[in-house]
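Before any comments, here is the structure.
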Amino acid sequence: MEKRVRFRSTWLPWLLLAPQLAVIGTFFFWPASQAVLQSVQQQDAFGLSTEWVGLANFQRLFADPLYVESFTTTALFSALVAVAGISISLLLAQFADRVVRGAMVYKTLLIWPYAVAPAVAGVLWTFMFSPGVGVVAWGLRELGWDWNHLLNGRQAMALIVMAAVWKQISYNFLFFLAGLQSIPKSLIEAAAIDGAGPWRRFWTIQFPLLSPTTFFLLVINVVYAFFDTFAIVDAATQGGPGKDTAILVYKVYYDGFKALDSGGSAAQSVVLMVIVIALTVVQFRYVERRVNY
Amino acid sequence: MIERRPALTVLSHLVLVLGVLIVAFPIYLTFIASTHTAQDIVQAPMSLWPGGHALDNYWAALTGTGEGGGSNAPVGRMMLVSLVCALVITVGKITISLLSAFAVVYFRFPLRGLCFWAIFVTLMLPVEVRIGPTYQVVADLGLLNTYAGLTVPLIASATATFLFRQFFLTVPDELVEASRIDGAGPMRFFIDTLVPLSATSIAALFVIQFIYGWNQYLWPLLATTSEDMYPVVIGIKRMIAGGDAAVGWNLVMATAILAMLPPALVVILMQKWFVKGLVDTEK
């Protein structure tokens, strides 16, 4: 889309663009190109000399069982976060759409976890499930279920999934509610006259018509689980026990800033960039095509 | 409503109330913990009713006079750092984006397509995937432990530019022609017509970006090493670093409540703009 009427000036547009270009140049393009450059270089232990190593960093990366494991961990984590987050919010949105009285109240009460910082969410859930002082951990122990996410990798994964889903429900809920409210009432009324009950109407009308929203949220949730959950992981489990919850972003941080392996960390950054770009492309293609039946 | 089904309506309310309770439970627990002494909390299970130490705890957390095992930096100072950062990120992003969207939409100049494309690409890569090199740039510029280092790298993203571009494209051309006839130049048109028209988008973006800025974690973790430049979100994480028993959970929880208060207030008080902002920025 283009504007028909424009202003004429040779220098003004550049002046207007200057701040934005300066910022993205310094803090986006330069670092991104450095990441690509470092990923094909190797520094010695003291950072004194760098050597061109080609794709060796990548080969080392994918030969590293820990890195491959981190991939599986991340895949499992994002699948759990996306599926759990989407189903719970769809359920809540569906009921909120039905309710006439108090709908606004429910909405207000459900959306504010969006404001809670991921790191704070991580701390809250650690506190609830802390083996020593946590109320929920205590309750589980009373029920005969020994909870200790500091020792048990599965429980640690469950903990960060719960914290991540809890924070994301509000976002999904808002989009589903908006999607449900935009479905024409006449369709649903027609189905009701034909004798379809609420359950049937949901699966044959509302759910298919929501598919663009669902697909969009699927991509957003995967991106969220990949990147925005770093703070939750760092606050709740620090990637432990062992490496059981070390998702990819956490590993980039750990290898680059704790283990000081700049080449390996840069190679991981590049792999992540490729993943994000792929996800974005998928999102744009499908959102334009509108998943629908 | 399509048909009268009392049982289903009751079920709806039941599920929603249950959902609200589950969503609220962690916060309730946090609040309760912030009103007890550290000893009361350690004796599991802690009471589920408010205790009588709320004021002491919040005061101790704000001034940094508590006796926890981890860090004891005053939360008041951290809240200030967070507030400054969130505001600088928000205002900076909105200003820069308004200007560049105006340039891209209302002017024709060589390399316009390239500029547009360059801004577009930044949408794809969050700061998390390029932390290492970005950190080096900021360190080389000597910006570690400064407000500039904490905020400017986070301004480098194009969500807002796109939002404004979309909006500018819907502004009728007649407005430009009218202001031209009145003898107004481009900047005059921008300040007197375009910015006031964008008020709604600016408000929506303000809410989203404020929350984004306030909740930043990974970047401040790297860009700050001195205690008086920690945003409150980092401060909380450092308070629990001492291990399970040594943590003064009452102060940690008081800090958590303080840390989530400003963004939660923004969401609740500006709910309409918040929803609009969420929907718009993801298009």
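Okay, here's what the table says:
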| read-out | value |
| --- | --- |
| So B:Gly132, is it under 21 Å from A:Gln34 (Cβ atoms) and under 23 Å from the mean Cα position of the chain (by Cα) | yes |
| Within the stretch A:47-157, helices (runs of 4 or more DSSP H) holding 3 or more residues that are among the β-branched types (Val, Ile, Thr) and under 27 Å from B:Ile211 (Cβ atoms) | A:65-98, A:103-111, A:118-129 |
| Residue identified as at pLDDT below 85, of a type outside the set (A, V, I, L, M, F, W, C) and out of contact with any Leu (no Cβ under 6 Å at 6 or more places or on another chain) among A:Thr108, A:Thr126, A:Thr72 | A:Thr108 |
| Residue in the stretch A:108-127 that is more than 20 Å from the chain's Cα centre (by Cα), within 14 Å of chain B (Cβ to nearest Cβ) and surrounded by 16 or more Cβ atoms within 10 Å (Cβ to Cβ) present | yes |
| Every pair of residues 6+ apart whose Cβ atoms lie under 8 Å, when the first sits in the stretch A:194-213 and is within 21 Å of B:Glu3 (Cα to Cα) while the second is surrounded by 15 or more Cβ atoms within 10 Å (Cβ to Cβ) and of a type in the set (Phe, Trp, Tyr) | none |
| Residues located in the stretch A:197-226, provided they are away from chain B (no Cβ under 12 Å), of a type in the set (Val, Ile, Thr) and either farther than 30 Å from A:Val120 by Cβ or not in a helix (DSSP H, G or I) (or both) | A:Thr204 |
| Output for the stretch B:124-163, where each listed residue is part of a helix (DSSP H, G or I), within 7 Å of chain A (Cβ to nearest Cβ), aliphatic (A, V, I, L, M) and free of Cβ contacts under 8 Å to residues at least 24 places away in the same chain | B:Val129, B:Val137 |
| Residue among B:Ala184, B:Ala178, B:Ala223, B:Ala204 that is touching a Gly at 6+ places or on another chain (Cβ under 9 Å) and more than 21 Å from A:Val116 (Cβ to Cβ) | B:Ala223 |
| Subset of the stretch A:227-254 (residues that are within 9 Å of another protein chain (Cβ to nearest Cβ) and acidic (Asp, Glu)) | A:Asp228, A:Asp234 |
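The values are calculated or read from the model by the stated rules, or taken from the named source; none is laboratory data. Every value quoted in this text rests on a predicted model; they were computed, and no experiment measured them. Counting neighbours? That spans all protein chains shown, and the Cβs are built from the backbone with ideal geometry, glycine included.
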